[in-house]
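Please read the structure below before turning to the comments.
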Amino acid sequence: MKDVILIVEDETNIRANIAEFLQAEDFDTLQAKDGEEAITIFEEKKPDLVILDLMLPKVDGLEVCKHIRRDSDVPIIMVTARDEEIDKLLGLELGADDYITKPFSLRELKARIKAVLRRTKSGSAKAAADEILTFGTLEIDLGRREVKQQGKIVDLTPSEYAILITLCQNIGRPYSRLQLLNATLGESYAGYERAIDTHVSNLRKKIEPNPQKPVYILTVYGLGYKFGDHYETNQ
C-alpha cells in the first residue's frame, strides 16, 4: 500500500512539481494551496506524512503544525524560504520532524521523506517486537511504539521517539548531536545539529518528571546527550 503525502504549498508550480515527482517515486499525493485547506484535507484524508510550507495564506504553516499536533503524531517536514535559524527551531518546537529550506532539490526532499517514514515505521531493528522497556516510571512498549510516564500515554513525534529509543537502548553511551542525527534520521545532515537540541527539549518536557532537572535524557557537556546510566532495564 502506497504512503499518502499531503503537500501544502501556495505556489502552484512548486506544488505540482513536487506532486509529479513523488507520484513517480510511488507515493500517493494530496495537495492543499493554503493552511485552511490543509487542515480540512488532513482531517478528512489522514495522510501518512505532511510537507508543510511555512508561509501560507489564510492560516500559516506554524498554525497548521500546531493544529495537527493536537491530535496526531503524523510526520511533518516543514518547508521555509527563510534561512533564519529561529524559524526552523520554532517549527521543530511545535512538533515538526524535519525542515528543508527553499530552494531544495527533489532528490533531497525524497531522502528526507524516506528517512522520516523509515524511523516512523521501523522502530528499532534491535528490539524484539514484543519487548517492553521500563526505566523507573517510564515505560516503552517497542511493539506498540507506545511510551507511558506514570501509566499515562505520552504522545511523541517520530523524531522524539527515535531519539529516545536510540539513547535508551545504549544506556550511558554519550552521543554527539551529529551522531544522533545520523542514528535517528539515517542520513548525515551537516549543519542541522541544533535541531537535536530542540527535539531533546521537547522530549524532556514530555517524559521527565522535572524537565529542568532531567533524569532520563542527560546532557554531556561539550558533546551531546546520553540516557541516564543509573537506570536498570526491566523487560
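The values are calculated or read from the model by the stated rules, or taken from the named source; none is laboratory data. The structure displayed is predicted, hence computed values, not measured ones. Virtual Cβ from ideal backbone geometry, glycine too; neighbours counted across all protein chains shown.
Scan segment 56-75 for residues that are touching a residue at least 40 places away in the same chain (Cβ under 8 Å), buried (at least 17 other Cβ atoms within 10 Å of the Cβ) and more than 12 Å from E36 (Cα to Cα) and the total you get is 2.
Restricting attention to segment 81-99, the residues that are buried (at least 19 other Cβ atoms within 10 Å of the Cβ) and either modelled with pLDDT of 80 or more or under 25 Å from E43 (Cβ atoms) (or both) total 8. Being of a type outside the set (D, E), at pLDDT 95 or above, more than 20 Å from T198 (Cβ to Cβ) and in contact with a Lys or Arg (Cβ under 9 Å, 6 or more places away or on another chain) is a property that holds for F27. I'd like the full set of residues that are more than 23 Å from I77 (Cβ to Cβ) and surrounded by fewer than 16 Cβ atoms within 10 Å (Cβ to Cβ), limited to segment 155-170. Listed by number, the list holds a single entry, N170. Exactly one residue among D10, D53 is charged (D, E, K, R), under 19 Å from P103 (Cα atoms), surrounded by 15 or more Cβ atoms within 10 Å (Cβ to Cβ) and out of contact with any Gly (no Cβ under 8 Å at 6 or more places or on another chain), and that residue is D10.
As a summary of the residue check, A162 satisfies the conditions (1) part of a helix (DSSP H, G or I); (2) out of contact with any helix residue (DSSP H, G or I) (no Cβ under 6 Å at 6 or more places or on another chain); (3) modelled with pLDDT of 80 or more except for the one numbered (2). Please work out if K2 is more than 18 Å from L94 (Cβ to Cβ) and at pLDDT below 95. Yes, satisfied.
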